[in-house]
Amino acid sequence: KQEVTQIPAALSVPEGENLVLNCSFTDSAIYNLQWFRQDPGKGLTSLLLIQSSQREQTSGRLNASLDKSSGRSTLYIAASQPGDSATYLCAVKDTGNQFYFGTGTSLTVIP
Amino acid sequence: DGGITQSPKYLFRKEGQNVTLSCEQNLNHDAMYWYRQDPGQGLRLIYYSQIVNDFQKGDIAEGYSVSREKKESFPLTVTSAQKNPTAFYLCASGHLDRGPGNTIYFGEGSWLTVV
């Protein structure tokens, strides 16, 4: 069964710093990998989706990479802002239309 | 606006009671999902449905029940058999297409607390 792990579980950085969040998965037979943002007490909002044939996706200050063969993805956030404070979750979609989620990284950006 | 609506946002359940969480979507999605989220843990799949009048158990279905009588609606009942129901419940939906571009959309969640 697919297992998704995120490291670190929590991260605190000063405003303006660049940072990297990590996601690893055990089964490389995936259709895509997504990064989501979750604010406290809210649902998940999709940030970036990387298809299995792609290596990276970019949206504004966010860049996500995927190395399917090694079972790893990173989310790079440039010039962090206090508004980026949230929990970030990665999820992989398997061939059976199921999604597997990591436990998330709780990010705090200190003004 | 298109989206997924969950209600109620907050719900309190007494011991031994059944409660039902509502999930409605107007995105014309075939697939709908219910997840449970506990503090410090990832999302765990309770039930999912890919077509009206059909649904499958997820990893933690015991103590829960669902129905899918309409494409737009996928209510979740938390029964008295669920011994530890206090959690944040998330409903999601997506297209049935199994392609690599397929994403999943979430509602705002419902908090259930046992009192």
Whole-Hz ³J(HN,Hα) from phi, Karplus 6.51 cos²θ - 1.76 cosθ + 1.60, for region A:35-46, glycine and proline x: 10, 10, 10, 10, 8, x, x, 10, x, 9, 10, 6
Assign unit charges at the C-beta atoms only (+1 for Lys and Arg, -1 for Asp and Glu), then state the dipole size of the protein assembly as shown relative to its Cα centre in Debye, rounded to the nearest 20. 280
Cα-based Rg then Dmax for the protein assembly as shown, in Å, read 17.6, 51
Derived scalar couplings ³J(HN,Hα) [region B:30-38; Karplus, 6.51 cos²θ - 1.76 cosθ + 1.60; whole Hz; x for Gly, Pro]: 7, 8, 9, 9, 10, 10, 10, 10, 10
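Normalised by the number of residues in region B:1-79, what is the relative contact order in percent for Cα pairs under 8 Å and 6+ residues apart? Mind dumping the intermediate values first?
Details: 152 pairs, mean separation 23.4, N = 79.
Rounded, it is 30 percent for region B:1-79.
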quick note, the protein assembly as shown, DSSP beta bridge pairs, % antiparallel (nearest 5) is 90
Ascending count of other beta-carbon atoms within 10 Å, so fewest first, for B:Tyr48, B:Tyr105, A:Tyr76: A:Tyr76, B:Tyr105, B:Tyr48
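Using the count of nearby Cβ atoms within 10 Å as a rough guide to exposure, how do B:Leu96, A:Leu107, B:Leu43, B:Leu11 rank from fewest to most? Mind showing how you got there, number by number?
On the way: B:Leu96 11, A:Leu107 21, B:Leu43 26, B:Leu11 16.
Fewest to most other Cβ atoms nearby, the residues stand as B:Leu96, B:Leu11, A:Leu107, B:Leu43.
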Two decimals is fine: what is log10 I(q)/I(0) at q = 0.22, 0.23, 0.26 Å⁻¹ for region A:5-87, from a Debye sum with one equal scatterer on every Cα and no solvent? -1.13, -1.21, -1.42
Nonlocal amide H pairs with A:Glu15, under 5 Å, H built at 1.01 Å: A:Ile110
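Relative contact order for chain A: what percent, with Cα pairs under 8 Å and sequence separation of 6 or more?
Numbers: 283 pairs, mean separation 41.4, N = 111.
The normalised contact order for chain A reaches 37 percent.
Please state the charge dipole magnitude for chain B, taken about the Cα centre, from unit charges on C-beta atoms (+1 on K and R, -1 on D and E), reported in debye and rounded to the nearest 20. Don't skip to the answer; put the middle values down first.
Numbers: 11 positive and 12 negative charges, 59 e Å.
Its charge dipole is roughly 280 debye.
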Could you derive backbone 3J(HN,Hα) for region B:42-52 from the dihedral phi with the Karplus parameters 6.51, -1.76 and 1.60 (θ = phi - 60°), listing whole Hz in sequence and x where the residue is Gly or Pro? x, 7, 10, 7, 9, 8, 9, 9, 10, 7, 4
I need B:Lys70, A:Lys93 ordered by Cβ neighbour count within 10 Å, fewest first. B:Lys70, A:Lys93
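Each value in this text was obtained by applying a stated rule to the coordinates, not by laboratory testing. The structure displayed is predicted, hence computed values, not measured ones. With ideal geometry, Cβ positions are generated from the backbone for all residues, glycine too; neighbour counts draw on all protein chains shown.
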